Amino acid sequence: MLGPFYRENPPVLPKGASTIQKHYDNEETAYYEGYIRDAAGNGIAGVTLDVWEDAPNGIYENLDPDQPEYNLRGRFETDENGHYSFVAVRPVPYPIPDTETAGELLRYMGHHPYRPGHMHFIISKDGYRQLISQIYDGDSKWLDDDSVFAVKDSLIGTFKPAPETLGTDLHFEFDFVLKADAAAQAVAAE
Ligand SMILES: [Fe+2]
């Protein structure tokens, strides 16, 4: 699920860099890392990852005039081993806009508008099917009760206390598998 808050062309950042442009009293910084692998388990080099999330005030940068442009958004690339890393914050739960049709539907269902804390990813590489996904904080409120019903067990991760060497409050490790693009496979087979 892409969601409504993605922005094209986020800042291109070096591996391990931070997307944080503004600090909040309640923020928890986190070092995110993992591998992007193919179906055989091999790391894929040169994979592009677009990441975005809400700020510790529960608002995405493009809806908040008090945040710098592209705050908490970035584009990263995997290294020769298929490894990615970046620094951001722990995402917090937020209510989806509930003043229009979606809100009317939620109220009709007797459901609250909140989403559990999640980080958005778009993971792209020629020859593979693009993966648009969200990774959920396993300790977040609303995990079992997401207003848009998008949580899957396989997308839940854990924020652990970070070792001092990382320089962040938390550490989040998550690996992804990309499926080969069927069209690219067909060409390769010719
Ligand atoms: Fe979101």
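Taken together, the values in this text are just the output of simple stated rules run on the coordinates, not laboratory data. Keep in mind the model is a prediction, meaning the values are calculated, not measured. Reconstructed Cβ throughout: ideal geometry from the backbone, glycine too, with neighbour counts over all protein chains shown.
When only DSSP loop residues count, what GluC sites (Glu not before Pro) in the stretch 1-31 have their Cβ near at most 12 other Cβ atoms within 10 Å? Please report the intermediate quantities before stating the final value.
Values: sites: Glu8, Glu27, Glu28; in loops: Glu8, Glu27, Glu28.
When the GluC sites (Glu not before Pro) of the stretch 1-31 are filtered for loop state and at most 12 Cβ neighbours within 10 Å, Glu8 remain.
Contour minus end-to-end for Val177 and Ala150, with contour as 0.36 nm per residue of separation and end-to-end as the Cα-Cα distance?
Details: separation 27, 0.36 × 27 = 9.72 nm, distance 1.88 nm.
Extra length from Val177 to Ala150 when fully extended: 7.8 nm.
For Lys125, which lysines qualify as cross-link partners when the Cα separation must be under 18 Å and same-chain residues fewer than eight apart are set aside?
Lys15, Lys179
Can you tell which of Tyr24, Thr101, Tyr114 lies farthest toward the positive end of the dipole of the chain, using +1 and -1 charges on the Cβ of basic and acidic side chains (Lys, Arg; Asp, Glu)?
Positive-end residue among those listed: Thr101.
When only alpha-carbon atoms count, how far does the stretch 29-189 stretch along each of its three principal axes, as whole angstroms with the largest first?
Largest first, the stretch 29-189 extends 52, 43, 30 Å along its Cα principal axes.
For the chain, modelled as a GNM with alpha-carbon contacts under 10 angstrom, which of Arg129, Arg115, Arg75 fluctuates the most?
Arg129
Which FRET efficiency value, to the nearest 0.05, is calculated for Thr101 and Thr158 with the Förster distance at 30 angstrom and r the Cβ-Cβ distance? If you can, show how the numbers build up before the last one.
Values: r = 35 Å, r/R0 = 1.17.
That gives a FRET efficiency of 0.30.
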